[in-house]
1. Could you tell me whether Val129 is outside any loop (DSSP other than H, G, I, E, B) and in contact (Cβ under 8 Å) with a residue 60 or more places away in the chain?
2. Determine which member of the set Ala414, Ala394, Ala427 is in the same structural domain as Arg353 (by TED's automatic domain parsing) and surrounded by fewer than 16 Cβ atoms within 10 Å (Cβ to Cβ).
3. Can Leu99 be described as away from ligand 1 (no atom under 12 Å from the Cβ) and surrounded by fewer than 23 Cβ atoms within 10 Å (Cβ to Cβ)?
4. So, in the range 47-81, exactly how many residues are out of contact with any helix residue (DSSP H, G or I) (no Cβ under 7 Å at 6 or more places or on another chain), more than 16 Å from ligand 2 (Cβ to nearest atom) and in a helix (DSSP H, G or I)?
5. Can Glu100 be described as assigned to a helix (DSSP H, G or I), in the same structural domain as Glu230 (by TED's automatic domain parsing) and touching a residue at least 12 places away in the same chain (Cβ under 8 Å)?
6. What tally of residues in the range 258-268 results from selecting those that are away from ligand 1 (no atom under 15 Å from the Cβ) and either small (Gly, Ala, Ser) or part of a helix (DSSP H, G or I) (or both)?
7. Going by the conditions given, is Arg362 modelled with pLDDT under 95, under 30 Å from Asp32 (Cα atoms) and among the basic types (Lys, Arg)?
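The values are calculated or read from the model by the stated rules, or taken from the named source; none is laboratory data. Since the model is a prediction, treat every value here as computed from it, not as a measurement. As a convention, Cβ positions derive from the backbone with ideal geometry for all residues, glycine included, and neighbour counts pool all protein chains shown. Each accessible area value is taken on the protein alone, full model and side chains, heavy atoms only, with ligands, DNA and RNA left out. Shrake-Rupley method; radii C 1.70, N 1.55, O 1.52, S 1.80 Å.
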Amino acid sequence: MHSWPAPQIPALPPAPTTEAGSAESLEIRVHDSSTGELVVAAPGAHARMYVCGITPYDATHLGHAATYVAFDLLQRAWRDAGKRVTYASNVTDVDDPLLERADATGVDWRQLAASQTALFAEDMAALGVIPPDVYVGAVESVPDVARAVRELVASGAAYRVPLEDGAGGDRPDLGDVYADLSADAAFGAVSRLDRDEMLALFAERGGDPDRPGKRDALDPLLWRRERPGEPAWDGGDLGAGRPGWHIECALIGAHGLGPGFDVQGGGIDLLFPHHEMSSSHLRVLPDDLFDATGADAAEAPGTDAVPAGRRAARVNLHAALLAYEGEKMSKSRGNLVFVSALRRAGVDPMAIRLAILAHHYRTPWEWTDADLVEAGRRLDRWRSALSGNGGPSADAALAAVRAALADDLDAPRALGAVDAWADRALAAGASDEDGWHEGAPGVVGRAVDALLGVRL
Ligand code: 5CA
Ligand code: ZN
C-alpha cells in the first residue's frame with residue numbers, strides 16, 4: 001500500500017552526555033496501558049512500533065489526527081535518541097462498517113476505501129506525520145491471514161461455527177472460523193479487565209457475544225465466510241471469505257516488524273477487544289508462521305529467539321479519545337471535525353498540529369474552536385521570535401523539550417519550554433543576560449521541527 005512522502009527531519013545538536021552516559025538520560029519512557037507503569041518504550045538500538053491504521057471512511061477526523069500525532073512524537077523522540085525506527089501500520093480496507101457505509105451511500109466499497117485512504121495520506125503529510133515503513137491493507141493481508149487461520153484450525157486453537165441459510169456460497173458446510181480463547185492461558189494480560197467488563201466492551205466494539213455455536217461468548221472471529229453481496233477471497237480449505245479484524249493486525253505487525261516488537265498502539269478504544277485479541281492470536285499461532293524470513297529474519301531470527309509467549313508487543317500504548325460537542329468524536333455518532341475541511345478553510349496544518357500537542361496524549365479532551373485560535377496565536381508568536389536576528393541560548397529550551405518528550409511524551413510541557421524561549425527572545429532583545437546567540441533561532445526552529453513536527 002502506498003503511504004505518503006516523508007517530512008524532512010532536520011539534524012539537531014546531540015544531547016550533552018551525562019556522567020552516566022547520554023543513552024540512559026534520553027531513554028524514552030511511556031505509560032504502559034497494561035500495567036499502568038512508566039516503562040522504557042524501546043530498550044534496544046532499533047525501535048519497532050505498530051500503530052493501528054484507519055478504517056477508510058470518515059477520514060481523517062481530529063480524533064484520528066490526535067492519535068497519529070501522539071505516536072509520531074514517540075517516533076521523533078526515538079530518532080533523536082539515536083535509534084533506528086521501523087513503523088508499521090495497516091489500513092482496514094475491508095470490514096463490516098466500511099461495507100455498511102458503502103452500501104448506505106451507494107458507493108463501491110473499493111472506491112470508498114481508496115478515496116478515503118488517499119485523503120488520509122494527504123492529511124497526514126500536511127500534519128507532518130512520518131509515514132509508516134510497512135503499510136499493509138487488510139485486502140493485501142488476505143493470503144497471510146488465510147494461511148494463519150488454516151493452521152490455527154489444524155492445531156485446534158480455532159474452530160468452525162455453522163452458517164445461517166444462504167451463506168457460504170457453494171461451500172455452505174464450511175463455517176465461519178473463531179479463535180478458541182481457552183487455548184491461550186495468558187488471555188486478559190493486555191487489558192486486565194474482568195469478564196463482565198470484557199463482555200460489555202466486546203458487544204460495543206464489533207464483537208458478537210451472542211453468536212450461536214461459539215464455545216465462549218468472547219471468542220473472536222478469525223475468518224468470515226462469504227455472504228451474499230459481500231466481497232470474499234479464496235481461503236483454501238477455509239472456503240471463500242474475508243479476514244477477521246484482530247488477526248489482520250496481529251499478522252501485519254508481527255510479520256512487518258518481527259515478533260516481540262516494542263510498541264503496539266492506537267486510541268484507547270482499541271485496548272479491548274482489539275489489542276487483547278491480536279496479542280492472544282500471536283501467542284497461539286504455530287511456530288512455523290514465524291520462520292526466519294523477511295523482517296522476522298532480520299530482527300528475530302527463528303522462533304528460538306522469540307518464544308510464543310513474547311511474540312506480541314512488549315508495551316501497549318494508547319491515546320485518550322478526543323471528544324466534540326460533549327461526546328467521543330466518532331464515526332458512529334457523526335460529531336466529526338475533518339482535517340481536510342479545516343485545511344480547505346485555510347487553517348494552517350501546523351496550527352492543527354499545535355492545537356493537538358497542547359494536550360497530553362493520555363488526557364481526554366474536547367475540541368473547541370478556541371483550541372485552534374490559541375494554537376494560531378502560539379504559531380505566530382513562535383514565528384516572530386524565530387524571525388529575529390538571534391536570541392537567547394537555545395540549549396535550555398532544547399534540553400527541556402527533550403526531557404519533556406522522554407517523560408511520557410509530555411508535549412504540553414515541551415510547548416511551554418518553547419514558549420518560555422520565545423517570550424525571552426521577544427522581550428529581552430540583545431540585552432538578555434544570558435547573552436545573545438545568532439544561531440539560537442535556527443536551533444530552536446530545527447528542534448521544534450525535528451522533535452515536535454511543527455514546521456515554522
Ligand atoms: N482500523 C481500525 C484499527 S485496526 C480503527 O480503529 N480504525 S478507525 O478509523 O476507527 O480509527 C483509527 C485510529 O484512530 C484508531 O487508533 C482509533 O483508536 C483512533 N481514534 C478514533 N476515534 C478517536 C478519537 N475520538 N480520539 C482519539 N483517537 C481516535
Ligand atoms: Zn488494528
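1. no
2. The unique qualifying residue is Ala427.
3. When the stated conditions are applied, Leu99 passes them.
4. 5
5. no
6. Total meeting the criteria: 2.
7. When the stated conditions are applied, Arg362 does not pass them.
Residue-wise test of (1) open to solvent by 10 Å² or more (accessible area, probe 1.4 Å); (2) small (Gly, Ala, Ser); (3) in the same structural domain as Ala157 (by TED's automatic domain parsing).
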| position | (1), (2), (3) |
| --- | --- |
| Leu193 | yes, no, yes |
| Arg215 | yes, no, yes |
| Asp219 | no, no, yes |
| Glu230 | yes, no, yes |
| Gly236 | yes, yes, yes |
| Ile247 | no, no, yes |
| Leu251 | no, no, yes |
| Pro259 | no, no, yes |
